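Heads up, the thing below is written out as structure tokens.
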Amino acid sequence: MKSRKPELLATAPSFLWLALFVFVPVAIIFAIAFRPALPAGGIGEGWSLEAIRSLKDPIYPSLLLRTVTISFVTTALCLALALPVAWHLAKLPPKWRSRILILIIIPFWTNFVIRVFSWQQILHAEGAIANGLRSIGLLGDSDRLLGNSAAVIIVSVYTYLPFAILPIFAAAEKFDFALLDAARDLGAKPFRAFRSVFLPGIRQGLVTAILIVFIPMLGSYVIPDMVGGTDSQMLGNKIAQRNFNDRNLPQAAALSCALTLLVLAPMLLRRKEKAG
Amino acid sequence: MPGHLRFENVTRRFGSFTAVDRVSLEIEKGEVFSLLGPSGCGKTTLLRMAAGFDVPDEGRIFLDGVDITRLPPDQRPVNTVFQSYALFPHLTIRENIAFGPKLSKRSPAEIRSEVERMLELVDLTAHADKKPTQLSGGQKQRVAIARALVNKPKVLLLDEPLAALDLKLRQRLLVELDAIHDEVGITFIYVTHDQGEAMSISDRIAVMNKGVVEQTGKPAEIYEAPRTSFVAAFIGDTNFLDGKITSRIDGRFSKCAIEGIGEITIDNDKPTNPGDLVHLSLRPEKIIVSRGKPELRENENSVPGVIEDIIYFGSHTRLWVRCGGWRLCAETQHRTYQLDDTPLKWGDTIHLRWHANDGYLLEQYREEDESLLTLPDEE
């Protein structure tokens, strides 16, 4: 049998990185979740299940449901928009392909918070869009574009769309479009060919896109905070509230743990996918 | 009686480039019909229009009298074997073959038995549950053929099906393809740039060049009686001679003066009159090489020359011989190998002899086609 020494040496740096910056912090958060909270804020001595028990709070199930729903709708919209974009991008001549890819990437040069802030202006109650919709009667006088789940979803789709386009495009670029001709030749209608040949052909890209959008969405905090309202808060906002307002670090940690476990579920799914 | 598959004045342009230029063809039921030509001659575009992937700018395509010009590919009783195979990588071999039948309204039991029959036909039953990436090139090709044939098409379109394979495998698959054709009996349209493939598998060949069909005919007709210099030079190898008819011998033969060689006898493959300028194609293997001056029979020609180049091919040797202003290519066979036979070498003077009947008068000659020859004369 071959020695595994070179293999271990080669992976050591990344392993160390993971240990220092992922495993250890997560372990610390898990540990804090089992500590008592001090009334003045801060973490008390000894161990307590109080923070874990606080997860039974009846506000959490609906919060979790809302978090998953907003994440799911955002992911679905991102996929629905990214698929045609990636398809056409893959069919473009290489010169145009790289030009448009740059256009997709350029927004990243602006700070994320500034981009969300600009959405606040776009969707503002006195903004051009709101006024325009109001003038044609699509928006009531007291209706708002900001401060609701729809605003959170719109801005989230805007933010995560490039992350969905890029992996799907990478898979579509390698896809052999002659396979679609073959499917048509064998009697498939255009949509059937798309569904039973193109989608399976870019499966890896789709799975990556779903994970890359859905997982960060579960932990969303900035977008619901800036464009959402009280009825569109997500788990991330609750964690922040427990941490900054209530000064209850163990409860914030317990919520974080629950979120981490939630995020791990699709990751494990992916693992199974790769093995299969 | 119109043909089974008929192209009527089909034209296809891409921008200012005319890929297919007013092509009319009639393909009979059950024949193997090849579209032969160099890359860019329009043969694949023509095939794609038959399959429905492309639509002609002008002209129409009929299948059994029905206009299919604008019918989408999924509604044509026609299937294609793609050059790159285009097998679905996420499906097994069996699922690949079942793809077409599953889209039709056939019962699952019928589909299953049809797929098994096809697997048997192409001898892949043992590999039915593998994925395409696990197969060799030749096996993939056979899957592609089975996947198309299982739909019982009226016409099978084959787009350079053997181009990606090596020579020996290509020859073997060609024989297999021929056997499959004998078994299923449907019309095959075979696109290739390889004249050997086209000659050996086809009932008829259409030779294409620059979007135009230069000649259609049986392999032997194409080879022995090329209409144009392109056909003569693209299929096999040949020598081009041009001269002027000087006198008529009888209804069949004439005398022709060739500059630098003298007067030779030619066969009037087309009507000629004294004074006409003619172009003659003379295949290398028709020329008989001898060291001494040969005795000529009636209507035979003989020209002396000096060997300029020799290439040994194993089964035969090719000689390029300087005869006056011409350089002629001649082929010698090695039926018996005699050690004491002094081999021909550079600079030897030899005599080339051929019968007037072995040359062929071209209807159309273009100087550029000389460049298709194995060793074009630089002069």
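The values are calculated or read from the model by the stated rules, or taken from the named source; none is laboratory data. As the structure is a prediction and not an experimental result, all values here were calculated from the model. In this analysis, Cβ positions are derived from the backbone assuming ideal geometry, glycine residues included, and neighbour counts consider all displayed protein chains.
In table form, for the structure just shown:
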read-out: Tabulated pairs, the stretch B:34-51, first among the hydrophobic types (A, V, I, L, M, F, W, C), second assigned to a helix (DSSP H, G or I), C-beta under 7 angstrom, 6+ apart or interchain; value: B:35/B:43; B:35/B:46; B:35/B:47; B:36/B:195; B:36/B:198; B:51/A:185; B:51/B:73
read-out: Residue count, the stretch B:43-68 (criterion: more than 8 Å from every other protein chain (Cβ to nearest Cβ) and crowded, with 16+ Cβ neighbours inside 10 Å); value: 15
read-out: Extreme residue, farthest from the other protein chains (Cβ to nearest Cβ), among residues of the stretch A:170-183 that are among the small types (Gly, Ala, Ser) and under 32 Å from the mean Cα position of the chain (by Cα); value: A:170
read-out: Helices (runs of 4 or more DSSP H) (entirely within the stretch B:77-175) containing at least 1 residues that are within 14 Å of chain A (Cβ to nearest Cβ) and among the polar types (S, T, N, Q); value: B:93-103, B:137-149
read-out: Residue in the stretch A:231-243 that is more than 28 Å from residue A:30 (Cα to Cα), modelled with pLDDT under 95 and more than 13 Å from the chain's Cα centre (by Cα) present; value: yes
read-out: One residue from B:272, B:317, B:228 being buried (at least 19 other Cβ atoms within 10 Å of the Cβ) and within 31 Å of the chain's Cα centre (by Cα); value: B:228
read-out: Test: residue in the stretch A:219-235 that is surrounded by 22 or more Cβ atoms within 10 Å (Cβ to Cβ), part of a loop (DSSP other than H, G, I, E, B), in contact with a Phe, Trp or Tyr (Cβ under 8 Å, 6 or more places away or on another chain) and more than 14 Å from chain B (Cβ to nearest Cβ); value: yes
read-out: Boolean, residue B:150 is under 22 Å from residue B:217 (Cβ atoms) and at pLDDT 90 or above; value: no
read-out: The stretch A:154-169 - residue that is surrounded by fewer than 22 Cβ atoms within 10 Å (Cβ to Cβ) and hydrophobic (A, V, I, L, M, F, W, C) and, of those, nearest to the other protein chains (Cβ to nearest Cβ); value: A:166
read-out: Search result, residues across the stretch A:184-211 that are within 7 Å of chain B (Cβ to nearest Cβ) and within 18 Å of residue B:77 (Cα to Cα); value: A:184, A:185, A:186, A:187, A:188, A:189
read-out: Only listed residue being charged (D, E, K, R) and touching a strand residue (DSSP E or B) at 6+ places or on another chain (Cβ under 8 Å), chosen from B:168, B:154, B:140, B:130; value: B:154
read-out: Neighbours by Cβ (under 9 Å, 6+ apart or cross-chain): first from the stretch B:233-255, within 17 Å of residue B:324 (Cβ to Cβ); second among the charged types (D, E, K, R) and in a loop (DSSP other than H, G, I, E, B); value: B:239/B:283; B:242/B:259; B:243/B:259; B:244/B:259; B:244/B:276
read-out: Subset tally (residues that are under 11 Å from residue A:248 (Cβ atoms) and assigned to a helix (DSSP H, G or I)) for the stretch A:1-53; value: 3
read-out: Odd one out for residue B:27 among (1) closer than 30 Å to residue B:218 by Cβ; (2) touching a residue at least 40 places away in the same chain (Cβ under 8 Å); (3) within 14 Å of chain A (Cβ to nearest Cβ); value: (3)
read-out: Per-region count, the stretch A:4-33, residues within 21 Å of residue A:261 (Cα to Cα) and surrounded by fewer than 10 Cβ atoms within 10 Å (Cβ to Cβ); value: 0
read-out: Residue match in the stretch B:265-280 (condition: among the aliphatic types (A, V, I, L, M) and either assigned by TED's automatic domain parsing to the domain that holds residue B:193 or farther than 30 Å from residue B:21 by Cα (or both)); value: yes
read-out: Residues of the stretch A:107-126 satisfying the condition of being modelled with pLDDT of 85 or more and not hydrophobic (A, V, I, L, M, F, W, C); value: A:107, A:110, A:111, A:115, A:118, A:120, A:121, A:124
